[in-house]
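**Student:** Below is one structure. I have some questions about it.
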Amino acid sequence: MKIVKEAVAGTLESSDLLVKVAPLADDKVDLVIESEVMRQFGAQIRKVVEETLRQLGVRSGQIVIEDKGALDCAIRARVQTAVLRGAECKEMNWSALS
Amino acid sequence: MSDEIVFYTTDPHANVAEGAEIRQLLAQCDLDFEESIGQFVLGRHGRSLVACAGLDGNIVKCVATAPGYRGESLSLKLMSEVIHLALECGHLHLFLYTHPKNVSFFEGCGFYELAEVPGYVSLMENTPVGIKGYCGRLQKKREPGAKIGCIVMNANPFTLGHQYLVRLAASQCDWLHLFVVREDVSRFSYRDRFALVQSGVADIPGLTLHHGSEYMVSRATFPDYFFKEKGIVGDCCTAIDLLLFREYIAPALGITHRFVGTEPFCATTRKYNNDMKHWLQAADSDAVPVTVVEVPRTACAGVPISASEVRRLLRAGDMAHVESLVPRNTLNYLTHNDYVT
């Protein structure tokens, strides 16, 4: 899945996260994560985000995450939504979202 | 639920009654209403206005929460609303001006500080990769040499004065980086201004012509520059723009000298030149000072050449005089685009 335009999903409210995606000229994923709970859960958040991106087949893009202590399921859902919006996806591959 | 705070968007100019309420809330928070703000996100608790945040293009301004309602959750919700509103208008990349004491709050909303005038104002942007990415791209265009010059010009339009300044600066430096102000609010479009600069400096060796960016003399770094007619620019605005240049752009390209023409006519530009000497050279900063070289303007028949003078002559339909102030390509452009009235 290719990110072709800038997109956002989520909010800055407690227990949520804001995900911003943008196209990148280079063929790489540039992932920046900021979190209120970086020290305790930074590695886990990164793992969930990278896994979600891999399932969606995102190989290029700028991904910025402002986390406010969201649970893994919320992180996965927000990342999926932002990527789908940024990819202008019409045909949904539901199994990639599970 | 009576406890719930409802958020919605309003145009303060179309809705006079709400405009007055916003002014009142801002006054409570020691902020001034800014006329340039086209949209406000408002938060209401019952009938009373308890929070507001303005959006002026891609600049967030006038963020206020009523004193009794201050707490993380309301403000974060307000900022989320603004970010989504901006995106609907096509702006993912946002800037924000605030007092330095509020910087840590906005950091919690995903904003990062770009530059600070201690005690007065800070400029922030809502991405951790914005200016860093920009400087990374600039670094690839570094050129070797001990004396690296820079000129930032609006060239509205490109005159013989600009050409003289570029030629002189290039001859005094090992390399010259030339930027054209990107903001599209001048009489001549960015595309046309850039094209005229490009053809006007084509035969001058030892320089790189760059596109301008949001980080130099833009609506974001220097909001008042484009409203010269309104009078004197606030000190802080020029300071932010110049600090960004000194702390990010100059180090990225290894710039040691910034060249500028003396300004005999325009008060805004003259003030900018004076402020340049302070903020690039004298002011306290972790960044290395950049030497400001003020070059006396070249003159035509005793009168210094300036773009504002060219625009004045164009308005007066005085093509004969314009002809003596601009290079051939600019003249062709002006005559073929019906700028002659």
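**Student:** Can you pull the percent of chain B's accessible area that's carbon plus sulfur, 1.4 Å probe, other chains left in place?
**Tutor:** That fraction is 51 percent.
**Student:** So for the protein assembly as shown: antiparallel DSSP bridges make up what percent, rounded to the nearest 5?
**Tutor:** 60
**Student:** Still on this structure: Measuring from centroid to centroid over Cα atoms, what is the spacing of the range B:46-68 and the range B:248-325 in Å?
**Tutor:** Cα centroid of the range B:46-68 versus Cα centroid of the range B:248-325: 38 Å apart.
**Student:** Over the range A:7-88, calculate the relative contact order: mean separation of alpha carbon pairs under 8 Å at least 6 apart, over the residue count, as a percent.
**Tutor:** Relative contact order of the range A:7-88: 48 percent.
**Student:** Another question, if that's okay. Size of the dipole of the range B:5-92 about the Cα centre, Lys and Arg at +1 and Asp and Glu at -1 on the beta carbon, nothing else charged, in debye to 20?
**Tutor:** 320
**Student:** Just to check I understand the Karplus step: with θ = phi - 60° and J = 6.51 cos²θ - 1.76 cosθ + 1.60, what whole-Hz values come out for the range B:29-44, glycine and proline as x?
**Tutor:** These are the phi-based 3J(HN,Hα) values: 9, 6, 10, 9, 5, 10, 4, 6, 6, x, 9, 10, 8, 10, x, 10 Hz.
**Student:** Further question on the same structure: Students often get this wrong, so check it: of A:LYS68/B:LYS140; A:LYS28/B:LYS132; A:LYS5/A:LYS90; B:LYS101/B:LYS277; A:LYS20/A:LYS90; B:LYS147/B:LYS277, which have C-alpha atoms separated by over 24 Å?
**Tutor:** Those over the limit are A:LYS68/B:LYS140; B:LYS101/B:LYS277.
**Student:** If you don't mind, another one. If you line up the long axis of helix A:72-86 against the longest principal axis of chain A, both from Cα atoms, how many degrees apart are they, to the nearest 10?
**Tutor:** 30
**Student:** List the accessible area buried at the contact between B and A, summed over both sides and calculated with a 1.4 Å probe, in Å² to the nearest 100.
**Tutor:** 1400
**Student:** If you don't mind, there's one more thing I want to ask. Looking only at chain A, where both bridge partners belong to it, what percent of the DSSP beta bridges are antiparallel (to the nearest 5)?
**Tutor:** About 60 percent, rounded to the nearest 5.
**Student:** Along Cα→Cβ, 7 Å out, is where each label goes; now give me the distance between the ones at A:GLU51 and B:ARG328 in nm to one decimal.
**Tutor:** If labels sit at A:GLU51 and B:ARG328, their model points lie 6.9 nm apart.
**Student:** D for the range B:1-128, whole µm²/s, Stokes-Einstein with Kirkwood Rh over alpha-carbon pairs at 10 °C and 1.306 mPa s: what number?
**Tutor:** Calculated translational D: 108 µm²/s.
**Student:** Now for a different question. On alpha-carbon atoms, Rg over Rh for the range A:7-88 using Kirkwood Rh?
**Tutor:** A ratio of 0.94.
**Student:** Mind telling me which of B:ARG70, B:ARG47, B:ARG219 comes out most flexible in a GNM of chain B, alpha-carbon contacts under 10 Å?
**Tutor:** B:ARG47
**Student:** Out of all DSSP beta bridges in chain B, what portion is antiparallel? Express it as a percent rounded to 5.
**Tutor:** 60
**Student:** Further question: Taking the Cα centre as origin and putting +1 on Lys and Arg beta-carbons and -1 on Asp and Glu beta-carbons, what dipole magnitude results for the protein assembly as shown, to the nearest 20 debye?
**Tutor:** Dipole magnitude for the protein assembly as shown comes out near 1060 debye.
**Student:** Of A:LYS90, A:LYS2, which has the most accessible area and how do the rest follow, probe 1.4 Å?
**Tutor:** A:LYS90, A:LYS2
**Student:** I'd like to check one number: the per residue accessible area of the protein assembly as shown, probe 1.4 Å, reported in Å² as a whole number.
**Tutor:** On a per-residue basis, 47 Å².
**Student:** If you wrap a convex hull around the C-alpha atoms of the protein assembly as shown and split its volume per residue, what is the figure in Å³?
**Tutor:** Output value, Cα hull per residue: 181 Å³.
**Student:** Projecting each Cα onto the charge dipole of chain B (Lys/Arg +1, Asp/Glu -1 at the beta carbon, about the Cα centre), which of B:TRP279, B:ILE59, B:CYS89 comes out farthest on the positive side?
**Tutor:** B:TRP279
**Student:** Using the Kyte-Doolittle scale, which helices in chain B average at least 1.0 and also have C-alpha atoms spread 20 Å or more along the helix axis, with helices defined as whole DSSP H runs?
**Tutor:** Span-like helices in chain B: none at all.
**Student:** Can you give the Rg and Dmax of the range B:131-336 based on its C-alpha atoms, in angstrom?
**Tutor:** Values for the range B:131-336 (Cα only, Rg and Dmax): 16.3, 50 Å.
**Student:** Hey, got the average number of other protein chain Cβ atoms within 10 angstrom for residues in B:73-85?
**Tutor:** Counting Cβ atoms of other protein chains within 10 Å of each residue's Cβ and averaging gives 3.
**Student:** Pairs of alpha-carbon atoms within less than 8 angstrom and 6+ residues apart define the contacts here; what relative contact order does the range B:145-296 have, in percent?
**Tutor:** Relative contact order of the range B:145-296: 23 percent.
**Student:** Contact order normalised by length for chain B, with contacts defined as Cα pairs under 8 Å and 6 or more residues apart; what percent is it?
**Tutor:** Relative contact order for chain B comes out at 12 percent.
**Student:** While we're on this one: To the nearest 0.05, what FRET efficiency results for B:ARG70 and A:MET92 with a Förster distance of 41 Å applied to their C-beta separation?
**Tutor:** 0.45
**Student:** Mean-square fluctuation check for chain B, GNM, Cα pairs under 10 Å: which of B:GLY200, B:GLY54, B:GLY68 is largest?
**Tutor:** B:GLY68
**Student:** Using alpha carbons only, how many degrees (0 to 90, rounded to 10) separate the axis of helix A:38-56 from the longest principal axis of chain A?
**Tutor:** 20
**Student:** Given springs between every Cα pair under 10 Å in a Gaussian network model of chain B, which of B:GLU18, B:GLU125, B:GLU263 has the largest fluctuation?
**Tutor:** Result: B:GLU18 has the largest fluctuation of those listed.
The values are calculated or read from the model by the stated rules, or taken from the named source; none is laboratory data. Since the structure is predicted, the reported quantities are computational estimates derived from the model, not experimental observations. When we count neighbours, we look across all protein chains shown, and the Cβ atoms used for this are built from the backbone with ideal geometry, even at glycine. Protein only, heavy atoms only, side chains kept; ligands, DNA and RNA dropped before computing areas. Shrake-Rupley method; radii C 1.70, N 1.55, O 1.52, S 1.80 Å.
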